[in-house]
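Structure first, then comments.
Each reported figure results from applying straightforward, stated rules to the coordinates on display, with no laboratory input. Not measured: the values here are computed from a predicted model. Positions of Cβ are generated from backbone atoms using ideal geometry, with glycine treated the same way; all protein chains shown enter the neighbour counts.
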Amino acid sequence: MYHGSFEDLVLRWELDELAVRNAEAIHQRFRRLFLYLRDHPDAQFEGRLISDLIVEEAARLSRANRGDAFGLALDRAGYTIQDGVIRRTLPEMLDLPAADDEVHGLLAKHNLATPLGHLDQAIDSHARGNWAAANSQARSFLESLLDEIAYLLIPGVPTGQTQGEARRQALANRQPPFLSTPLFEWSSDGKDLIHGIFKRLNPQGSHPGLSDEEDSTFRLHFVLLLGRLLLRRLDALI
C-alpha cells in the first residue's frame, strides 16, 4: 500500500490524527496505526471495529487469496478468503486461536517440551506450505502428547519407542481411566477414536503428493482440538 491509499484508508475511517504524515515511511505509518488500535481496541467506524476492517482490507488486497502467508495464517485460525471476503470455515464456538493459545499454555505449564516442539514445527511447516512436514509433525505431536501424559500419570509405563500402543492401553486401564472405553475413545479391537484418528492422520503416509492445503489444515485443526481436550483432562488431574 502506498501513501495515497493509506491516506484514503485512515480518512475513510475518520482517523484524522493518523493522516497527513507523508514524511514517514509507509511501514512507520502502519506501525502508528497498529499502536493506536492497541491503545484503542474498541475504536469503531459506523458501528464496526476498525481492527476487523483492517483484516478485511488485507483480504481484499491479497492477490493469491489462498496459498500466500496471509491466507495460510487465516486457514490455521479457521478462516478462508473467498472473492476477497473473509469467511469462517469452522463454527465460531471452536475458536481455534483460543484453542491454540490454551494448548501452548498447558504444554508449557506441564513442561511437555517434546509435544510442544512438534506442534510448533507443524505450524511452521504449514505456514511455509510444506504439507508433508506439517502432517508428519501433527501426528508426532499427538503421539508424543499421549506418551508424555502416560509418563506423568502411570508409574512404570513402558517407555520403548515401539510401545506407544501399550502406553495408550495403560491410559485406558488406569483408575479412573484417562481414555474412556464407554465413550469409544479406546478399545482393544482398534475400533475407537484414537485408533481412527491415527489412521486418518496417516492414511498413506505423510509424503509429498498425498496431501494438499485443505487436507493438511484439517489435520492440524483436528490434533489441536483433540490436544486441548486431552490437556484439559490432564490439567484437572494434576
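In this structure, residue 139 does satisfy being basic (Lys, Arg), within 13 Å of residue 219 (Cα to Cα) and either crowded, with 18+ Cβ neighbours inside 10 Å or touching a Pro at 6+ places or on another chain (Cβ under 6 Å) (or both).
Across the stretch 5-47, what is the number of residues that are among the basic types (Lys, Arg), farther than 18 Å from residue 58 by Cβ and either loosely packed, with under 11 Cβ neighbours inside 10 Å or in contact with a Cys (Cβ under 8 Å, 6 or more places away or on another chain) (or both)?
First, the residues of the stretch 5-47 that are among the basic types (Lys, Arg): 12, 21, 29, 31-32, 38.
From the residues that got through so far, the ones that are farther than 18 Å from residue 58 by Cβ too are 21.
Narrowing further to those that are either loosely packed, with under 11 Cβ neighbours inside 10 Å or in contact with a Cys (Cβ under 8 Å, 6 or more places away or on another chain) (or both): none.
Summing the residues that are among the basic types (Lys, Arg), farther than 18 Å from residue 58 by Cβ and either loosely packed, with under 11 Cβ neighbours inside 10 Å or in contact with a Cys (Cβ under 8 Å, 6 or more places away or on another chain) (or both) in the stretch 5-47 gives 0.
So, in the stretch 209-238, of the ones that are in contact (Cβ under 8 Å) with a residue 40 or more places away in the chain, among the small types (Gly, Ala, Ser) and in a helix (DSSP H, G or I), which residue ends up nearest to residue 80 (Cα to Cα)? Ranking the candidates gives 216 first.
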